[in-house]
1. Need one number: % antiparallel among DSSP beta bridges in the chain, to the nearest 5.
2. Based on Cβ point charges of +1 for Lys and Arg and -1 for Asp and Glu, what charge dipole magnitude is obtained for the stretch 239-330 about its Cα centre, in debye rounded to the nearest 20?
3. Which value, in Å to one decimal place, does the Kirkwood hydrodynamic radius take for the chain when every pair of different Cα atoms is included?
4. Which ³J(HN,Hα) values, rounded to whole Hz and listed in residue order, are derived for the stretch 54-63 from phi using the Karplus coefficients 6.51, -1.76 and 1.60 in 6.51 cos²θ - 1.76 cosθ + 1.60 with θ = phi - 60°, glycine and proline given as x?
5. With a cut-off of 8 Å between alpha carbons and a minimum separation of six or more residues, what is the relative contact order of the stretch 239-330 in percent?
6. Sequence gap at least 6, Cα distance under 8 Å: using those rules, report the relative contact order of the stretch 115-237 to the nearest whole percent.
7. Using only helices, what value at 222 nm comes out for the chain when you add -39,500 (n - 2.57) per DSSP H run of length 4 or more and divide by the total residues, to the nearest 500 deg cm²/dmol?
8. Find which of 37, 243, 50 sits farthest along the positive direction of the dipole of the chain, computed with +1 on the beta-carbon of Lys and Arg, -1 on that of Asp and Glu, about the Cα centre.
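None of the figures in this text is laboratory data; all of them are computed from the coordinates on show. None of the values given here were measured: they were computed from a predicted structure. Heads up, the Cβs are rebuilt from the backbone with ideal geometry, glycines too, and the neighbour counts pull from every protein chain shown.
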Amino acid sequence: MSTLNNSLRNTMWVEKYRPQDLEQIVNQNEIVDGISNLLKNPEAIPHLLFAGPPGVGKTTAALCIARRLLGEDWRKDTLELNASDERGIKMVRERVKSFAAVIKLVTDSSNEHKMYRLIILDEADEMTPEAQTALRRIIEDSSKTTRFLIICNYLSQIIDPLQSRCVIFRFTRLTEKDVVDHMKIICKNEETSFEEKALAKIYEITSGDLRLSINILQASAATKHVSISTVHSAMGMSGKARVSEIIRLAISGKFNESRIKLMELTTVFGISHGDFLKYAYQEIYSLKLPNPNKIAVLMAEYDFRLATGAHPDLQLTAFLAQLALQASDQQ
Ligand SMILES: Nc1ncnc2c1ncn2[C@@H]1O[C@H](COP(=O)(O)OP(=O)(O)OP(=O)(O)O)[C@@H](O)[C@H]1O
Ligand SMILES: [Mg+2]
């Protein structure tokens, strides 16, 4: 898995330029100051709740905190869960519970910071109120050893008893100057030239979502020059349209082409595997195939495999192979 992460880090600019330390986070100054203050006293760190729009640094800040609190080995003592990816909330509950239940023994006295396990629960606003209530109990039962870092887009979707157990940080959209300056740094590093207007255009499209801005920048920079016209053609195809193209290729028996485009979609354009299946499902029904129900059964199986932690690239490639096979059966 780590080789996959490393190659992702090299190919996707959003990962390559993800800040490793709180001080590198663009804007969000008040939040960075607030968190830095809390980190001065790691033993007394409270549970944290981050809320705010997509692509402004919430997950990034959470990972920086994990690194600060737990040191270089932070991954070992950090459980990252995505409440919306893991289909069954029950599964989230089981995993949080079993992870939180392991009492962290402070064996390494040279590093007094290492006293907690950290659970980062992303997209918590996708959890039902019942699941959040269960989570609240888990937080209470495990708070001697475990700190929770809960992330959401909409604070209003988080139940009050959960909010009241956390210190809340509200992340805001980034300004045009912040986003454009950041894109300029990336361009310089990637030896890519740009038109000022093109960067302004990217900001206009993304309205302060830095992740989306960087993804569009990368997609527009294939020729090492970002212009209004390369931004337009990169934007010409939405994620959904790209998924449709992949499904059509597979169904017409062009498995290899569809496989390559799938890799491009997930690594360069950053579409999640869950989103891929969601769009694929819509596409399959809109294509009015003779056997959509058979394909739906197939999709349900792959959906389940992804939810249970199977290797996503491998599973989706196998799914495309199955689609191509079905196509040849039809002939
Ligand atoms: N404030 C920021 N400073 C520097 N880079 C940022 C910032 N916000 C976002 N990025 C870039 O965008 C990528 C995605 O950011 P991040 O995962 O932190 O977003 P998020 O706020 O968690 O979004 P979501 O709500 O969609 O999960 C990062 O890898 C980084 O490259
Ligand atoms: Mg996030």
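1. For the chain, the DSSP antiparallel bridge percentage is about 0.
2. So the magnitude is around 180 debye.
3. Final number for the Kirkwood radius of the chain is 21.8 Å.
4. In residue order, the calculated couplings are x, x, 10, x, 5, 5, 4, 4, 4, 5 Hz.
5. 40
6. RCO, the stretch 115-237: 21 percent.
7. One gets -17500 deg cm²/dmol as the mean residue ellipticity at 222 nm.
8. Of the options given, the answer is 243.
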